[in-house]
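Some notes on the structure that comes next.
Please treat every number below as a calculation from the coordinates, not as lab data. For clarity, every value in this text was computed on a predicted model and none was experimentally measured. Cβ atoms come from the backbone with ideal geometry, glycine included; neighbour counts cover every protein chain shown.
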């Protein structure tokens, strides 16, 4: 039993009373022996221990770190923060069996943590008291923890006192920083400029591969020690050091140009842009870029000279000139512009360009960023007196002192327009004359041809061979003249614009094969092979008779102008919603001069007497008529040839038009 007594001096004393009974001979109780022990010090120690434990509990439960005591491979104590981090309840953990705590350790760290825990519970000395590991929450989520632990005595036996701090966010930040640094390095290696970092003593600690290439140094040079001032030419070092001091003083600086030197001693102009490197709020070095601007400096000088030449040219050029800014205002005009429009220069400057320039949608280069130049634009300009003057204009985007402008150069083409109008009237008159002449020729021509045939038919047995031959030549001449008059009439109709196409949906493939078959006999007579490699179905909208005429003309020409034993290839392709047909031969080809005239009226190339075994008949209007027919269909016709004896290829295109039902 324990008792508390009051001593004579007034202090309390704690005692432990132990009693034993005294029995007489008969075995009856006769009294007692009492032993009283002073246990005041022991009680005070117990009180102190209890107080310490209560303080530990209070601190532990209020801490933002996890505190655990591991003994016998089970958690004997754990605070609320530990429960919050791992997500298990107190009851669940209290029911864990030996080593079941390992299920909150990531597999990558389980063996290591288990080994350390066993050693510390035994009180071993060869342990690691601080380390990081990955843990697993009840939800399966992975988290990082910083662990501090040591062996302690807990309730009389060794135990492992463990304190852990959740460092997941720190780890994420470290990984992000690592990725950011790697990305920075990767980007730096890709950049076309030199990227550098230097410490506060201006010793270079990093430079990208471009820097090594530009300056000629090696990584070994960097390891040996390379100061950034070694890259600056002496007369620029004072300027460079002042810029460094400004940066270290926290001032914001702009890119600066210096004369720099390479390892081999050669010099170049560079633009340096630097910023301070901060760590924990203090500047620890510099980071920046170095751009080689030697070419830019040379370009500046060339641009300056070019602008001087431009100013002289602009002032003295014989044509009219206008310089227009981005706001579409006239900022300069030469003397010829003033003469042509009747305005004084000061009346034009600062005014909108539409004061004199006509508005044409899609032409203004200021409204079309993808177009930098327009040449030979046929338009007009307005004079001060209201007169409309036809001009031929060239427009170009230019740059002066880094600013963009429109330069317009134009010429008065009034006389040209008058000449064109006159020529147009003459052509109409010529077309009408040819039409009337052809009509007038057609009637007697039919009579001559008819009576010639009748004369030969009724008197063939009476005439000698020479007479018959002469009559047949007359008949052939009539046929040639009839072909010519038909072609002239056809040309007149095409030129007059009165041609009305009777379009239907037809298969161009079928028509090509049909035309080739009709000329197969002529090809075989000349021992010429025709190969066809075209689409199976090229149905589109065209007049079958007109396209038959074009195909017949091109194929017959290919046969006539290809020597015996030659080859003709007919191919097709689809491009930009057009069928493109090509007829290629290995015939005599065309010279540059011949190519310029073959699609013109009477543009026949004379082959007579040149030693070629060719068919040479024709009016010289066939290709001209074919060109007009194709253009009336919305297509184009052209020819390619590399020269004499190198063959030729004729192309024509027709737009692909599908039926509405398709």
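Brief remarks follow.
- Computed E for residue 295/residue 100 - FRET, C-beta separation, R0 41 angstrom, nearest 0.05: 0.05
- Order of 20, 653 under a 10 Å beta carbon neighbour criterion, fewest first: 20, 653
- A protection proxy built from the mean count of other Cβ atoms within 10 Å ranks the segments 22-28, 464-470, most packed first, as 464-470, 22-28.
- Separation between Cα centres of region 544-568 and region 404-419, rounded to whole Å: 44 Å
- Region 63-171 - Rg and Dmax from Cα coordinates, angstrom: 12.9, 38
- Summarising the label geometry, the points placed 7 Å from Cα in the beta-carbon direction at residue 347 and residue 326 lie 3.1 nm from one another.
- Using 0.36 nm per residue and subtracting the Cα-Cα separation, the extra length available between residue 416 and residue 470 on full extension is 14.3 nm.
- A simple packing score, the average count of other Cβ atoms within 10 Å per residue, orders the peptides 538-551, 403-416 as 538-551, 403-416, with the highest score first.
- If you take the Cα centroid of region 322-342 and the Cα centroid of region 225-249, the two points sit 50 Å apart.
- Tail fraction, Cα-Cα pairs, region 191-292, threshold 19 Å, whole percent: 38 percent
- Sorting 633-644, 88-99, 219-230 by their mean Cβ neighbour count within 10 Å, with the most densely packed peptide first, gives 633-644, 219-230, 88-99.
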